[in-house]
Amino acid sequence: MVADGTTKQRASQTVALYLDAELARIASLTIDQLRDEWQERLGVDLPPALSKDLIARVLSHGLQEKVLGGLHPSIRKAMAALDQGDSLPLQRIKVGSVLVREHEGRLHEVYVVPDGFSWQGKTYVSLSAIARKITGTKWNGPRFFGLRDDRTDQAKTEKASFDPMITHKGVHARSSIRSRSSKAFVRSAL
């Protein structure tokens, strides 16, 4: 086992030395040499307005990505979705977080638990089920609790200022998320 660990360490050191040497070589090239390197590595014509520094940075980045690996597949997928105009996928909410939603004058707190979401002493597998219980109508749970914004088209056409009030179908409500230990939303019982 020790030999295997030593072999990996040596390989890692060899990669690091190679990478350092190549980056130093790229930094020392003239602009004409950088243009040739660009053509050789990327196989496309160099845009005419790029400075020597920017060409060297692009080539260095490409080398590092090739040697060390590129972006994680989940990040590539999220970037591709953004490029297509989609929104980012819903992020996971940590266990122990509390979703707070005011609806028709009543405050609803939903606790994120390992098995799903807890509301009024019952555990539900989805936020949509809780939103339906609260409103009596079918809702997208993450949207109801303010985790997704259904105003993306409006935001594209106008600069909307942050408004914690959510208006949907004529119902005014507030929504927020906080960690369970947060003191900012703790209410005192009088």
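Computed values, structure above
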read-out	value
Hypothetical label at residue 65: residues of segment 7-47 whose amide nitrogen lies under 12 Å (7 Å Cα-Cβ projection)	42
Fewest-first ranking of 111, 124, using other Cβ atoms within 10 Å as the exposure measure	111, 124
Gained length - residue 74 relative to residue 140, 0.36 nm times residue gap less alpha-carbon distance	21.4 nm
GluC sites (Glu not before Pro) within segment 31-137: DSSP coil, no more than 15 neighbouring Cβ in 10 Å	104
Neighbour-count ranking [beta-carbon atoms within 10 angstrom, fewest first] of 127, 68, 63	68, 63, 127
Charge-dipole axis of segment 2-70 as Lys and Arg at +1 and Asp and Glu at -1 on Cβ define it, positive-most pick from 33, 46, 70	70
Virtual paramagnetic centre 7 Å along Cα→Cβ of residue 15, amide N under 18 Å, in segment 57-86	60-73
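Readers should treat all values here as calculations from the given coordinates under stated rules, not as data from a laboratory. Quick caveat, the model's predicted, so the values are computed rather than measured. Using ideal geometry, Cβ is built from the backbone for each residue, glycine included, and neighbour counts are taken over all protein chains shown.
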